[in-house]
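Reading through the structure tokens given below for one structure.
The values are calculated or read from the model by the stated rules, or taken from the named source; none is laboratory data. Computed from a prediction, not measured in an experiment: that's the story for all the values here. We place every Cβ from the backbone using ideal geometry, glycine too, and count neighbours over all the protein chains shown.
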Ligand SMILES: [Zn+2]
């Protein structure tokens, strides 16, 4: 073999290796069809899996009622899917006891898109990502970070737990960091991929979903790491809504520096009355009881509603976009 041919072969192998590395680093993408009129409706619930206890079943019932009324297309889970310590494996019966046997309404038999929360990381985090769970219940789709493209909206699901520094030093609980080591480069790669995907997006609406709040006046409050690292990317790329769980409440805060609306839906089961910090800047609504959120989207309008455990509407957020620019 000639020296130049050997060199050529080495270059080809290295280039292919780099391409594979680059391609595998991109966020996985899923397509979600809209309704025939181009609209889309879905529910958002967080912090729920407790075998139906702490009103999880009552919230699930009302989700079924509202889901029927709105003819929803899918459901989003903002994480902390299984309490207190996630799943022990992908054969853990807790999955069916807290998901399959609880969200039984006909309208909820749709695709569920889920992210992991900090409590999920206290168990076998990778168990929730396992395709085996989809064999048990085909609605379930949980990945660390991914994109759902639904034509009029692109939704960017971001794995926020590895951002939070206190989890690495906390001694009270152990976290399953397998698959994300080293965390520093995991987080910086994730931020790069989210930024790139947002920049490339031509969707009418852009929604980012994570477990931890960027802004919150609930028990945990703001997540400084997300304010510092994630928020500037969202502000620079015309994101409309950031949706999260973590604080066990329903909440709406407007960003003071951009049109972004911060929406917390983390009230799927246990909540804590009166667990509230001082009123923060941009606060529009805060409710410390159980409930969930609905999102109705058309190319020109968004309508978001928060419901309590009895299905009453507590707060409505509306937003409009100009369909065509005027000359
Ligand atoms: Zn949490």
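Within segment 165-177, at least one residue is within 24 Å of residue 253 (Cβ to Cβ), more than 13 Å from the ligand (Cβ to nearest atom) and at pLDDT 95 or above. Looking across segment 131-150 at every residue that is over 18 Å from the mean Cα position of the chain (by Cα) and not in a helix (DSSP H, G or I), the one that is nearest to the ligand (Cβ to nearest atom) is identified as 137.
What do you reckon, is residue 68 without any contact (Cβ under 8 Å) to a residue 40 or more places away in the chain and more than 16 Å from the ligand (Cβ to nearest atom)? Steps first, please.
On the way: without any contact (Cβ under 8 Å) to a residue 40 or more places away in the chain: yes; more than 16 Å from the ligand (Cβ to nearest atom): yes.
In short, yes.
Under the condition of being in contact (Cβ under 8 Å) with a residue 12 or more places away in the chain and over 14 Å from residue 79 (Cβ atoms), the residues counted in segment 146-174 number 14.
Residue 274 meets the conditions (1) more than 22 Å from residue 108 (Cα to Cα); (2) modelled with pLDDT of 95 or more in every case but one. The failed one is (2). Scanning segment 95-107 for residues that are surrounded by fewer than 18 Cβ atoms within 10 Å (Cβ to Cβ) and farther than 24 Å from residue 69 by Cα yields a total of 2.
Residues 92, 84: which one is without any contact (Cβ under 8 Å) to a residue 40 or more places away in the chain and either within 16 Å of the ligand (Cβ to nearest atom) or part of a strand (DSSP E or B) (or both)? Steps first, answer last, please.
On the way: 92 fails: either within 16 Å of the ligand (Cβ to nearest atom) or part of a strand (DSSP E or B) (or both).
So the residue among 92, 84 that is without any contact (Cβ under 8 Å) to a residue 40 or more places away in the chain and either within 16 Å of the ligand (Cβ to nearest atom) or part of a strand (DSSP E or B) (or both) is 84.
Among the residues of segment 102-130, those identified as more than 16 Å from the ligand (Cβ to nearest atom), in a loop (DSSP other than H, G, I, E, B) and either closer than 25 Å to residue 41 by Cα or free of Cβ contacts under 8 Å to residues at least 12 places away in the same chain (or both) are 102, 103, 104, 105, 109, 110. For segment 240-261, filtering for residues that are under 12 Å from residue 208 (Cβ atoms), away from the ligand (no atom under 15 Å from the Cβ) and crowded, with 23+ Cβ neighbours inside 10 Å leaves 3. Taking first residues from segment 204-218 that are without any contact (Cβ under 8 Å) to a residue 60 or more places away in the chain and closer than 17 Å to residue 237 by Cα and partners that are within 15 Å of the ligand (Cβ to nearest atom) and assigned to a loop (DSSP other than H, G, I, E, B), the Cβ contacts under 8 Å between residues at least 6 apart in sequence or on separate chains come to 214/222; 214/223.
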